[in-house]
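Notes for the one structure printed next.
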Amino acid sequence: MSQASNNKIFSNLWMIAVYIFLYLPILTLVVYSFNDSKLISTWTHASLRWYEALIKDDDLISAVLLSLKIAGISALMSVFFGTFTAFALNRYKRFKGRTLLSSMSSMPLVMPDVIVGLSLLLMIISVQHWLGFPEKGLFTILLGHALLGTAYAAVVVTSRLREMDSKLDEAAMDLGCKPWQVFYLVTLPLLLPALVSAFLLTFTLSFDDVVLSSFLSGPGYSTMPMVIFSRARLGLNPTINAVATVTIVVVTIAVIASSFYTSHQARKRKREEAQAYSDSNK
Amino acid sequence: MATKQSFFSRLFDGKHAVIGIPYLWFTLLAAIPILIILKISLSEMQGTSVSNMIDWSNGWPKLTLNFSSYQFIFSDSLYLKTYISSIKYALLTTLICLIIGYPFAYFMARSPKHLQPMLLMLIMLPFWTSFLLRIYAWKTLLENNGIINNVLMSAGIIDTPIAMMNTPFSLMIGMVYSYLPFMILPLYANLSKLDMRYLEAAADLGTSPFKAFWLITVPLSKAGIIAGSMLVFIPTIGEYVIPELLGGSSTLMIGRVLWNEFFSNNDWPMASAVAVVMILLILVPMAIYNKSQAEAEVK
């Protein structure tokens, strides 16, 4: 009895310690964003001073807007190309060069960011020499983020495709659907939750990236992480805490909302399936 | 007979488009860039650009391969030292993540079923908040005038601040912190599928829980251990942001060398050569990872 309860206490303590380790830095950012003192070392009193500074910080605001734009567009691109990649690798088991495609698609996942960034930049410079474009800037950052995002989106969509019942596609086919109708009426609705989570994941990756952006950005295009990174290198800056708190609040709401959405979808599907079965048994 | 029309209709039929689009995308943005790195690593700087590898001036292509960047990497002890220290830090990070993450994943897999989704979500949640900001947060915690030193000093435990920032210690904290979830997730996925009947059988046969853990649980979770270790080890080798913000100038990491060769020294061939050697280093753990994944899929 006491042995078992000791084990229980030990395992609970271990888990709590890990959670504290994971959440301590986040908590610090939030708490100290309300500290009036410029020095992180002293807590004077609570104030919204750094949030005021944040609103007036035009560099940071325009960087945030740029990052949002890049993250939105590149996430759409990632989901588009990632879905194609997942379909190519999962619906067609045998074709020439399948291994090559699968290793190319996992390359951005395993290569360090610095190598992906450097190689893309050198490629873009070569193309520039040859064709005269593209200029380094918004477009090149989008390419980099979309490349990384495609690899992640492909993983997310693949895991959904694997658990999806291909009998449903076949049934629709048997009932006379054309391939594109099967895709729009059967596959796509079933895939939608995975597409939503792939979008959220690749959006976050893009919104968070500093290395690829630094390689691929041109003059006048500083993303939010680039601005934060250059300030963080110089030292501590309480405005960063305020930005952090705002992003943490937004992200937490989005994650909770999306998990509610997915569980709601799953319940709805179960209900509809049960309904269909009971109808067919009448 | 293949007419032109049938060629085009073949080209745009479902299968070819579905395979062709991602193929083109990754060839242009993943495969060709790596080949370009390889090419540039074998050239040298000429002014602000790199030398041409193929010289057409005599009417004939004349291929010039320039190995000076590689010679420099292998003769200058600083590069070798940096590669070795990157591997050392990556190994250490992997080991610490395993020591913290394995028991955690084990306990999580044994916790009440209805709590597990929430525990899992709490592991994933920090993923969604900016990695950069979380690393920055450690800076505010670990600085000499940072929060940890302040708390310890005002509690009277220490008189002078402990120098934690810009040391291997702060680097390891940042790396373990960032990559711990990558260790926990595959281990949890593996351990939660473990058949408890094996352990019950062992207990019935009189094996102590400790012995059963080492003889049954650990060997059965080998795939999870390998997957988690590689998911931590591979990205940490080339990590740039964490050493730059937390490591200080004394901790040598190869990602920073590459960055400085490119941005500070403007030496593209050197940066490319550093990258090529790094890719070769990563290929070994990658092969191990792919093999274990393929084996897991067969099972």
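The values are calculated or read from the model by the stated rules, or taken from the named source; none is laboratory data. Source: prediction; values computed, not measured. Positions of Cβ are generated from backbone atoms using ideal geometry, with glycine treated the same way; all protein chains shown enter the neighbour counts.
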All but one of (1) assigned to a helix (DSSP H, G or I); (2) under 20 Å from the mean Cα position of the chain (by Cα) hold for B:PHE262, so report the exception by its number. (2)
Answer yes or no: is there a residue in the stretch A:249-259 that is touching a residue at least 24 places away in the same chain (Cβ under 8 Å), under 18 Å from B:ILE135 (Cα atoms) and not aromatic (Phe, Trp, Tyr). yes
How many residues does the stretch B:135-181 contain that are farther than 22 Å from A:PHE229 by Cα and either within 22 Å of the chain's Cα centre (by Cα) or surrounded by 21 or more Cβ atoms within 10 Å (Cβ to Cβ) (or both)? 3
What is the one condition in (1) surrounded by fewer than 19 Cβ atoms within 10 Å (Cβ to Cβ); (2) more than 15 Å from the chain's Cα centre (by Cα); (3) not charged (D, E, K, R) that B:LEU281 does not satisfy? (2)
Any residue in the stretch A:204-224 that is without any contact (Cβ under 8 Å) to a residue 40 or more places away in the chain and more than 10 Å from A:SER67 (Cβ to Cβ) sitting within a Cβ distance under 7 Å of a residue that is part of a helix (DSSP H, G or I) and among the acidic types (Asp, Glu)? List the pairs, counting only those 6 or more apart or interchain. none
Select, from A:ASP36, A:ASP58, the only residue that is acidic (Asp, Glu), without any contact (Cβ under 8 Å) to a residue 12 or more places away in the chain, more than 9 Å from every other protein chain (Cβ to nearest Cβ) and on the phi < 0 side of the Ramachandran plot. A:ASP58
Would the stretch B:50-60 turn up any residue that is at pLDDT below 65, in a helix (DSSP H, G or I) and away from chain A (no Cβ under 13 Å)? no
Going through the stretch B:11-38 in order, the residues found to be surrounded by 14 or more Cβ atoms within 10 Å (Cβ to Cβ), over 13 Å from A:ILE115 (Cβ atoms), at pLDDT 90 or above and more than 9 Å from every other protein chain (Cβ to nearest Cβ) are none
Could you go through the stretch A:129-144 and let me know if any residue there is at pLDDT 95 or above, facing chain B (nearest Cβ under 10 Å) and in contact with a Phe, Trp or Tyr (Cβ under 8 Å, 6 or more places away or on another chain). yes
Looking across the stretch B:248-275 at residues that are among the small types (Gly, Ala, Ser) and facing chain A (nearest Cβ under 8 Å), the single one that is surrounded by the most Cβ atoms within 10 Å (Cβ to Cβ) is B:ALA275
Looking at the stretch A:100-127, I want the residues that are over 15 Å from B:ILE37 (Cβ atoms) and more than 8 Å from every other protein chain (Cβ to nearest Cβ) and have a partner that is at pLDDT 90 or above and surrounded by 24 or more Cβ atoms within 10 Å (Cβ to Cβ) with Cβ atoms under 8 Å, at least 6 apart or on another chain. Which pairs are those? A:SER106/A:ALA151; A:LEU109/A:ALA151
Does at least one position in the stretch A:9-24 carry a residue that is within 14 Å of chain B (Cβ to nearest Cβ), touching a residue at least 12 places away in the same chain (Cβ under 8 Å), part of a helix (DSSP H, G or I) and surrounded by 12 or more Cβ atoms within 10 Å (Cβ to Cβ)? no
Which one is surrounded by the fewest Cβ atoms within 10 Å (Cβ to Cβ), of the residues in the stretch B:81-134 that are among the aliphatic types (A, V, I, L, M) and touching a Pro at 6+ places or on another chain (Cβ under 8 Å)? B:MET124
One residue is enough: does the stretch B:206-226 have a residue meeting the conditions of a type outside the set (Gly, Ala, Ser) and either surrounded by 22 or more Cβ atoms within 10 Å (Cβ to Cβ) or within 24 Å of B:ARG256 (Cβ to Cβ) (or both)? no
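Okay, residues lined up against (1) within 18 Å of B:LEU246 (Cβ to Cβ); (2) assigned to a helix (DSSP H, G or I); (3) facing another protein chain (nearest Cβ under 7 Å):
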position	(1), (2), (3)
B:THR93	yes, yes, no
B:TYR102	no, yes, no
B:MET124	no, yes, no
B:LEU133	yes, yes, yes
Looking at this structure, is B:GLY206 in contact (Cβ under 8 Å) with a residue 60 or more places away in the chain and not aliphatic (A, V, I, L, M)? no
If we take the stretch A:104-196, then helices (runs of 4 or more DSSP H) inside it with 2 or more residues that are farther than 30 Å from B:MET45 by Cα are A:138-163, A:166-174, A:179-182
Please give the number of the condition B:ALA296 fails out of (1) small (Gly, Ala, Ser); (2) more than 11 Å from chain A (Cβ to nearest Cβ); (3) assigned to a helix (DSSP H, G or I); (4) under 24 Å from A:PRO225 (Cβ atoms). (4)
Condition test on A:LEU216, is it buried (at least 22 other Cβ atoms within 10 Å of the Cβ) and away from chain B (no Cβ under 11 Å)? yes
